[in-house]
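Working notes, beginning with the structure itself.
The values are calculated or read from the model by the stated rules, or taken from the named source; none is laboratory data. A quick note: this is a predicted structure, and the numbers were derived from the prediction, not measured. Cβ placement follows ideal geometry from the backbone for every residue including glycine, while neighbour counts extend to all protein chains displayed.
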């Protein structure tokens, strides 16, 4: 192909003048491209208007009386809708949870706190889940390894112990068995 092109060039007659170029070089488009307005870059954004844009040094604590307007902007419809959605989701989730759901404190007979329990109760049809943290110097943390419950009893197995509880007026009362040693305990909110 290259050889054919070179031969045709060699055999073509010499041109005596420039080749007339008939195509237009540039024509403005029918739809103009984006052109910023004359005040582009000088428009104050909403919420940023007025005042000095530099941060002043705060020489002393600011008192409440120093404010002339509200502390925050009024919430928009989108803010209100978001807040309502979060509150509705929380109420729906709380309605699904059982009576044991939440944080509990385990106390001994003298009222000293032995541990805190965080339980997740999704109703009687689902297993009770949770974790504990001791309040002594070791501050051991661990999951509940097993949980059995009925209307009259609650048994929670810890890593190295067992809680056997029954409902009482102030929460749950029973025994904590650790290392073969039993002691009376109360589980309260």
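Remarks
- Qualifying residue in segment 46-53 (condition: modelled with pLDDT of 75 or more and loosely packed, with under 10 Cβ neighbours inside 10 Å): no
- Elements of the type strands (runs of 3 or more DSSP E) sitting completely within segment 75-189 and holding at least 3 residues that are free of Cβ contacts under 8 Å to residues at least 40 places away in the same chain and under 22 Å from the mean Cα position of the chain (by Cα): these cover 113-120.
Conditions tested, residue by residue: (1) modelled with pLDDT under 90; (2) exposed (fewer than 11 other Cβ atoms within 10 Å of the Cβ).
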position: 96; (1), (2): yes, no
position: 107; (1), (2): no, no
position: 112; (1), (2): no, yes
position: 115; (1), (2): no, no
position: 128; (1), (2): no, no
position: 131; (1), (2): no, no
position: 135; (1), (2): no, no
